[in-house]
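Below you'll find the structure, written out as structure tokens, and then a few comments.
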Protein chains: 2
Amino acid sequence: MSHSTTITVRTPSATYDVEIAPNLLATIGSRIDALLNGALTSGKQRAFVVTSPEIWALHGKAFAASFPTAPIVLEVPSGEEHKRLATIERLAEELANHGADRDSLLIAFSGGVLGDMTGFLAAGYMRGIRYVQVPTTLLAQVDSAIGGKTGVNLAAGKNLFGAFHHPLAVYADTAVLGTLPDAQLRAGLQESVKAGIIRDRALFNYMDEHSDTILSGNIEALTHVVAASVLVKAKVVAADEKESGERMLLNLGHTLGHAIEAATHYKQLLHGEAVAWGMLAAIGIAERRAFVTTAEADHMGRVIRTYGPLQNFSANVGDLVALTAKDKKNRSGSRSFVLPIGIGDATVVRDVSPAELTDATEAMMELRGDFHRGQQVSA
Amino acid sequence: MSHSTTITVRTPSATYDVEIAPNLLATIGSRIDALLNGALTSGKQRAFVVTSPEIWALHGKAFAASFPTAPIVLEVPSGEEHKRLATIERLAEELANHGADRDSLLIAFSGGVLGDMTGFLAAGYMRGIRYVQVPTTLLAQVDSAIGGKTGVNLAAGKNLFGAFHHPLAVYADTAVLGTLPDAQLRAGLQESVKAGIIRDRALFNYMDEHSDTILSGNIEALTHVVAASVLVKAKVVAADEKESGERMLLNLGHTLGHAIEAATHYKQLLHGEAVAWGMLAAIGIAERRAFVTTAEADHMGRVIRTYGPLQNFSANVGDLVALTAKDKKNRSGSRSFVLPIGIGDATVVRDVSPAELTDATEAMMELRGDFHRGQQVSA
């Protein structure tokens with residue numbers, strides 16, 4: 001028996017379902033058509049799929065065959081370097097040239113980078129059309145496909161330009177995760193560890209106790225982890241749609257994680273790996289503030305490492321601390337930081353001093369050697 | 001005594017005031033600071049002005065001097081050709097490099113093109129920051145600065161990419177209109193004629209009876225026309241924020257107007273002039289459908305011409321009709337068209353046939369000779 005779960009995301013501006021189950025792709029077209037009350041079958045409305053060449057080569061045939069008429073496909077090369085306004089403009093011109101109108105539907109069939117872009121394309125095209133997320137990576141399924149954050153990068157930083165625009169529905173096919181490279185699976189699972197740490201002790205314990213099963217790609221275990229992670233995200237987003245408070249908790253590990261990604265030019269680490277490093281630093285600050293006990297800090301560190309190995313990276317402590325000052329969660333000059341409170345709760349503080357942050361960053365940097373005794377640390 | 005009017009725009013997503021009066025610029029900085037509860041004076045929040053070199057050369061000194069500390073100025077060259085995502089990206093990078101954060105405020109001190117862009121920049125920067133409109137053209141004061149429509153052009157068409165993002169306030173300084181070229185004033189007044197035709201018979205009559213005073217640039221007459229036009233726009237936007245019905249009425253003359261602008265590559269006519277031509281065509285259709293009497297059609301045509309002369313242009317009837325099929329108000333293939341009902345009311349129809357549109361476009365094209373006997377018609 002395989003799990004199948006539907007979680008409803010309720011926010012002031014939109015309510016929509018996230019369906020989580022293996023093998024959703026086989027029926028994705030008819031599901032979306034039903035969502036549109038048969039408008040694809042009747043030809044009244046048209047669907048456009050935004051995907052990567054890799055995803056489409058793996059799953060395109062089955063995906064397209066599930067639709068009453070094959071949707072028009074717009075391809076974008078994989079990679080963070082394409083997550084820019086120039087790509088959005090190119091895609092928008094293609095939509096216009098294909099005659100897409102306000103009733104057209106976009107489908108993001110992709111990982112998080114392209115999912116964020118497709119959401120923003122939908123937010124801006126004719127000032128807003130509908131879209132559906134069909135996330136193909138664990139990271140996208142548990143995090144980026146849900147909650148309506150869309151956007152692109154600037155040279156000055158990641159995701160600095162975008163919109164809040166919720167999808168009409170999210171379909172997370174956990175069988176697709178079987179085609180994910182192991183490193184991507186592990187990096188994505190760090191976001192689930194994060195979800196457990198900030199809001200779901202049971203999820204954290206499950207991931208602690210069933211790490212072998214999960215990491216072997218067992219579909220039922222993965223489906224459980226995805227569903228539990230989505231539930232955390234849905235609850236947090238429902239409480240704070242536009243990230244004025246509660247939603248910031250989702251950024252545990254992200255302040256320093258983003259700094260590490262920026263310092264390494266987004267080339268050395270996967271996002272989930274950078275977040276894992278950032279979580280270790282945040283746990284360190286929380287421990288020194290006695291927000292968590294040493295036993296809890298060690299426990300969390302152990303589970304994060306279980307879903308490693310955390311790739312090594314080269315960066316300078318001073319640079320990392322300076323980069324956190326650029327975090328877009330900062331307001332009017334004060335630096336926001338998410339810290340765990342025990343395991344299963346967390347809070348946002350604004351008084352982390354530069355010295356405290358430097359200490360935690362140094363401690364985190366020292367951990368790199370522990371994980372990669374074979375590798376040269378070149379910071 | 002000069003008029004001073006405050007009109008409140010109320011929509012489901014935002015409520016804000018439009019202040020209309022001469023000589024607002026002298027106090028604009030302190031007005032905005034008050035709106036932010038003194039956050040500019042205290043230095044807690046920062047303001048960034050987006051403007052054109054021409055506007056800034058004329059009014060920049062007075063504008064900047066009215067602020068507790070001079071705002072940072074971002075300049076964009078005038079012209080529709082700069083209304084593209086590339087300009088938005090350049091401005092967003094500048095904001096990031098200046099350290100603009102989520103509490104920063106943008107001020108559009110400009111005409112409609114740059115106002116639309118500044119609104120979109122505010123909509124997208126960090127997924128949304130606040131902005132204020134200080135429109136410097138009549139067209140922007142009576143139309144584009146109000147209602148939250150923001151965006152840029154694509155190669156495929158005008159305003160095809162954008163967002164709904166309302167300003168925090170609008171300050172329409174009617175004394176600034178004294179520096180407008182006469183052709184821009186006349187073109188802008190066509191949008192006020194439009195406002196009168198669709199919703200305000202008294203405004204239409206006022207513009208009919210006081211055309212000499214208005215066209216001479218009399219500040220009290222202009223202030224009255226701006227205030228009455230803003231009131232029409234505010235009421236329509238309040239009734240239909242996202243343009244699913246009522247708000248489409250504001251597009252009287254715009255379906256064919258946009259087609260004329262596209263056919264002439266936005267170079268031969270000002271927007272208001274193209275709209276005037278489009279209104280003449282729409283009035284023609286309305287007359288043939290008996291939505292208006294011949295006397296009413298003639299009366300409206302006469303007032304539109306009073307605020308001319310309407311510049312001649314070169315285009316092909318078939319091209320214009322084909323271009324209307326691309327209008328972004330169209331949904332699922334049907335073409336929307338706004339038609340007046342008498343003077344002071346209007347409606348949206350979806351059944352204008354290609355033949356009906358072709359007849360009306362031909363009749364409109366024939367009018368060109370009447371207005372410009374001296375000019376060669378080169379269609």
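From the list B:SER13, B:SER52, B:SER66, B:SER30, exactly one residue is at negative phi and at pLDDT below 95. Which is it?
B:SER13
For segment B:139-151, indicate whether the set of residues that are on the phi > 0 side of the Ramachandran plot and at the interface with another protein chain (Cβ under 7 Å from one of its Cβ atoms) is non-empty. Let's see the steps before the verdict.
Filtering segment B:139-151 for residues on the phi > 0 side of the Ramachandran plot gives B:147-148, B:151.
With the extra rule that they be at the interface with another protein chain (Cβ under 7 Å from one of its Cβ atoms), the set shrinks to B:151.
Yes, the conditions are met somewhere in segment B:139-151.
Out of the residues in segment A:118-132 meeting the condition of being closer than 25 Å to A:ALA239 by Cα and open to solvent by 10 Å² or more (accessible area, probe 1.4 Å), tell me which one is farthest from the other protein chains (Cβ to nearest Cβ).
The selected residue is A:ARG130.
Does segment A:207-245 hold any residues that are charged (D, E, K, R) and within 17 Å of the chain's Cα centre (by Cα), and which are they? Steps first, answer last, please.
Of the residues in segment A:207-245, the ones charged (D, E, K, R) are A:208-209, A:212, A:220, A:233, A:235, A:240-243.
Of everything in segment A:207-245, those that are charged (D, E, K, R) and within 17 Å of the chain's Cα centre (by Cα) turn out to be A:LYS233, A:LYS235, A:GLU241, A:LYS242, A:GLU243.
Condition check: open to solvent by less than 10 Å² (accessible area, probe 1.4 Å), closer than 27 Å to A:LEU58 by Cβ and without any contact (Cβ under 8 Å) to a residue 40 or more places away in the chain. Does A:GLY115 satisfy that?
yes
Condition (residue is under 20 Å from B:ARG247 (Cα atoms), open to solvent by 50 Å² or more (accessible area, probe 1.4 Å), at pLDDT below 95 and assigned to a loop (DSSP other than H, G, I, E, B)) applied to segment B:303-311: is it met by at least one residue?
Scanning segment B:303-311 turns up no residue that is under 20 Å from B:ARG247 (Cα atoms), open to solvent by 50 Å² or more (accessible area, probe 1.4 Å), at pLDDT below 95 and assigned to a loop (DSSP other than H, G, I, E, B).
Out of B:THR264, B:THR293, which single residue is touching a Phe, Trp or Tyr at 6+ places or on another chain (Cβ under 7 Å) and either more than 30 Å from B:GLU362 (Cα to Cα) or surrounded by fewer than 24 Cβ atoms within 10 Å (Cβ to Cβ) (or both)? Steps first, answer last, please.
Numbers: B:THR293 fails: touching a Phe, Trp or Tyr at 6+ places or on another chain (Cβ under 7 Å).
On inspection, the qualifying residue turns out to be B:THR264.
Among B:SER378, B:SER332, B:SER314, which is modelled with pLDDT under 95, of a type in the set (Gly, Ala, Ser), within 22 Å of B:ARG186 (Cα to Cα) and open to solvent by 30 Å² or more (accessible area, probe 1.4 Å)?
Numbers: B:SER378 fails: within 22 Å of B:ARG186 (Cα to Cα); B:SER332 fails: within 22 Å of B:ARG186 (Cα to Cα).
The match here is B:SER314.
What number of residues within segment A:356-373 are at pLDDT below 90 and either of a type in the set (Gly, Ala, Ser) or touching an Asp or Glu at 6+ places or on another chain (Cβ under 8 Å) (or both)?
1
Would you please name the residue that is nearest to A:GLY29 (Cα to Cα), looking only at residues in segment A:76-86 that are surrounded by fewer than 19 Cβ atoms within 10 Å (Cβ to Cβ) and not small (Gly, Ala, Ser)?
Our first condition is that a residue be surrounded by fewer than 19 Cβ atoms within 10 Å (Cβ to Cβ); within segment A:76-86, this holds for A:77-82, A:84, A:86.
From the residues that got through so far, the ones that are not small (Gly, Ala, Ser) too are A:77, A:80-82, A:84.
Values: A:PRO77: 23, A:GLU80: 28, A:GLU81: 30, A:HIS82: 27, A:ARG84: 29 Å.
Only one residue tops the list, namely A:PRO77.
If you take the residues of segment B:181-203 that are of a type in the set (A, V, I, L, M, F, W, C) and surrounded by fewer than 19 Cβ atoms within 10 Å (Cβ to Cβ), which of them is farthest from B:ALA297 (Cα to Cα)?
Applying the filter and picking the extreme gives B:ALA183.
Condition first: within 14 Å of chain A (Cβ to nearest Cβ) and part of a loop (DSSP other than H, G, I, E, B). Now tell me which residues in segment B:241-265 satisfy that.
B:GLU241, B:LYS242, B:GLU243, B:SER244, B:GLY245
Suppose we filter segment A:29-48 for residues that are farther than 30 Å from A:ASP240 by Cα and in contact (Cβ under 8 Å) with a residue 12 or more places away in the chain; how many remain?
Going through segment A:29-48 one residue at a time, the tally reaches 12.
What's the number of the condition A:LEU168 fails, among (1) surrounded by fewer than 22 Cβ atoms within 10 Å (Cβ to Cβ); (2) more than 14 Å from chain B (Cβ to nearest Cβ); (3) under 28 Å from A:GLY308 (Cα atoms); (4) modelled with pLDDT of 95 or more?
So the condition that A:LEU168 fails would be (3).
Here are some conditions: (1) out of contact with any Phe, Trp or Tyr (no Cβ under 8 Å at 6 or more places or on another chain); (2) under 19 Å from B:LEU168 (Cα atoms). B:ALA47 meets all but one. Which one does it not meet?
Here B:ALA47 clears every test but (1).
Within segment B:26-47, does at least one residue satisfy the condition of being open to solvent by 40 Å² or more (accessible area, probe 1.4 Å), of a type in the set (Lys, Arg), closer than 24 Å to B:MET126 by Cα and within 23 Å of the chain's Cα centre (by Cα)?
No, there is no match, as no residue in segment B:26-47 is open to solvent by 40 Å² or more (accessible area, probe 1.4 Å), of a type in the set (Lys, Arg), closer than 24 Å to B:MET126 by Cα and within 23 Å of the chain's Cα centre (by Cα).
In segment B:152-162, what residues are open to solvent by less than 20 Å² (accessible area, probe 1.4 Å) and at the interface with chain A (Cβ under 10 Å from one of its Cβ atoms)?
Of everything in segment B:152-162, those that are open to solvent by less than 20 Å² (accessible area, probe 1.4 Å) and at the interface with chain A (Cβ under 10 Å from one of its Cβ atoms) turn out to be B:VAL152, B:LEU154, B:GLY157, B:LEU160, B:PHE161, B:GLY162.
Give me the pairs, please: first residue somewhere in segment B:65-90 and farther than 16 Å from B:GLY151 by Cα and β-branched (Val, Ile, Thr), second residue anywhere and in a helix (DSSP H, G or I) and open to solvent by 30 Å² or more (accessible area, probe 1.4 Å), beta-carbon distance under 7 Å, and either six or more positions apart or on two chains.
Pairs that qualify, where the first residue is farther than 16 Å from B:GLY151 by Cα and β-branched (Val, Ile, Thr) and the partner is in a helix (DSSP H, G or I) and open to solvent by 30 Å² or more (accessible area, probe 1.4 Å), are B:VAL73/B:TRP56.
Could you say whether any residue in segment A:90-112 is open to solvent by 10 Å² or more (accessible area, probe 1.4 Å) and more than 14 Å from every other protein chain (Cβ to nearest Cβ)?
Looking through segment A:90-112, at least one residue is open to solvent by 10 Å² or more (accessible area, probe 1.4 Å) and more than 14 Å from every other protein chain (Cβ to nearest Cβ).
Yes or no: A:LEU222 within 27 Å of A:LEU269 (Cβ to Cβ) and within 14 Å of chain B (Cβ to nearest Cβ)?
No: the conditions fail for A:LEU222.
Restricting attention to segment B:53-71, which residues are within 29 Å of A:SER244 (Cα to Cα) and surrounded by 17 or more Cβ atoms within 10 Å (Cβ to Cβ)?
Those that are within 29 Å of A:SER244 (Cα to Cα) and surrounded by 17 or more Cβ atoms within 10 Å (Cβ to Cβ): B:PHE67, B:PRO71.
Scan segment B:225-248 for residues that are open to solvent by 10 Å² or more (accessible area, probe 1.4 Å) and touching a residue at least 60 places away in the same chain (Cβ under 8 Å) and jot them down.
Within segment B:225-248, B:ALA227, B:LEU231, B:LYS233, B:ALA238, B:GLU241, B:LYS242, B:GLY245 qualify.
The values are calculated or read from the model by the stated rules, or taken from the named source; none is laboratory data. All values reported here derive from a predicted model rather than from experimental measurement. Counting neighbours? That spans all protein chains shown, and the Cβs are built from the backbone with ideal geometry, glycine included. Heavy atoms of the whole protein, side chains included, go into the accessibility calculation; ligands, DNA and RNA do not. Shrake-Rupley method; radii C 1.70, N 1.55, O 1.52, S 1.80 Å.
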